[in-house]
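Written below as structure tokens is the structure these notes are about.
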Amino acid sequence: MTPIDRLIIALDLPDTDKAQHIIDRIGEAGRFYKIGYQLMPVGGLDLARRLSAQGKKVFLDFKFHDIGATVERGVVSVCKLGGDFLTVHAEPDVLKGAVAGRGDDKRLKILGVTVLTSLDAAALKKSGIDIDLPDLVLRRAEFAAEAGADGVVASAQEAAAIKARFGDALDIVTPGVRPAGADANDQKRIVTPAAAIQAGADYLVVGRPIVSADNPAAAAAAISAEITV
């Protein structure tokens, strides 16, 4: 797997025309794209199909969270999009339903979302969660492994512990990645691309530092170069 295959570019944009414009500007510097809530209801599913047909990889960041049977039916439908990654919340029943819905599809990987990188210990405590944040991430990673999921979404700050516990059994997809000097925006637990890779992340999700750059292709290439560090 080359560095460019490990960089997931988040298309967190208001419409598919803007997303396609960015994709065109990035060109060969990008091979893996994330489509989430912002694009999903305004043509994001069709964009996912088009990207897949063009040989690109697609991360469907849908974060399914419902009873297992409902999640299972939803994932059966998602398999028709030709995506590579799908996120669900890392709770046992949700994960079990997602893995069942994926069935024998050899392309789609199920990722359990552990703790959002916009949250910190204070935010968890406010929600009534008293367990330490790193312990909560590991517990939810364990749920993912037990359910037969393929990986987890976790901050690089917890990646080393996940690798130590699960080795290569779980892929680690890390959001909240910012090049040195970039704004944190709404993220709390951020790291640089090089630090994330060194911590054990397998894939990095980067949005604004690329899609808002004056030269998105150069920004994507610079981050891919950091992945080789």
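Each value in this text was obtained by applying a stated rule to the coordinates, not by laboratory testing. All figures in this text were calculated on a predicted structure; none of them were measured in a lab. Glycine also receives a Cβ, built like all others from the backbone with ideal geometry; neighbour counts cover every protein chain displayed.
Which number in (1) touching a strand residue (DSSP E or B) at 6+ places or on another chain (Cβ under 8 Å); (2) more than 23 Å from I227 (Cβ to Cβ); (3) of a type in the set (A, V, I, L, M, F, W, C); (4) in contact (Cβ under 8 Å) with a residue 24 or more places away in the chain marks the one condition that M40 misses?
Unmet condition: (4).
Need pairs with beta-carbon distance below 8 Å; first residue closer than 16 Å to R31 by Cα and within region 211-229, second surrounded by 14 or more Cβ atoms within 10 Å (Cβ to Cβ) and of a type in the set (D, E); sequence gap 6+ or separate chains.
V211/D12
Quick one: which residue in S77, S155, S127, S118 is out of contact with any Pro (no Cβ under 6 Å at 6 or more places or on another chain), farther than 30 Å from R31 by Cβ and hydroxyl-bearing (S, T, Y)?
Going through S77, S155, S127, S118 in turn, just one is out of contact with any Pro (no Cβ under 6 Å at 6 or more places or on another chain), farther than 30 Å from R31 by Cβ and hydroxyl-bearing (S, T, Y): S127.
Residues of region 62-98 being closer than 26 Å to D17 by Cα and out of contact with any Leu (no Cβ under 8 Å at 6 or more places or on another chain), which ones?
Across region 62-98, the qualifying residues are K63, S77, K80, G82.
So which of A98, A154 ends up being crowded, with 19+ Cβ neighbours inside 10 Å, within 15 Å of the chain's Cα centre (by Cα), within 22 Å of Y203 (Cα to Cα) and in contact (Cβ under 8 Å) with a residue 12 or more places away in the chain?
Numbers: A98 fails: within 15 Å of the chain's Cα centre (by Cα).
Selected residue: A154, the only one of A98, A154 that is crowded, with 19+ Cβ neighbours inside 10 Å, within 15 Å of the chain's Cα centre (by Cα), within 22 Å of Y203 (Cα to Cα) and in contact (Cβ under 8 Å) with a residue 12 or more places away in the chain.
State yes or no: is R49 touching a helix residue (DSSP H, G or I) at 6+ places or on another chain (Cβ under 9 Å), within 23 Å of C79 (Cβ to Cβ) and of a type in the set (K, R)?
For R49, the condition - touching a helix residue (DSSP H, G or I) at 6+ places or on another chain (Cβ under 9 Å), within 23 Å of C79 (Cβ to Cβ) and of a type in the set (K, R) - is met.
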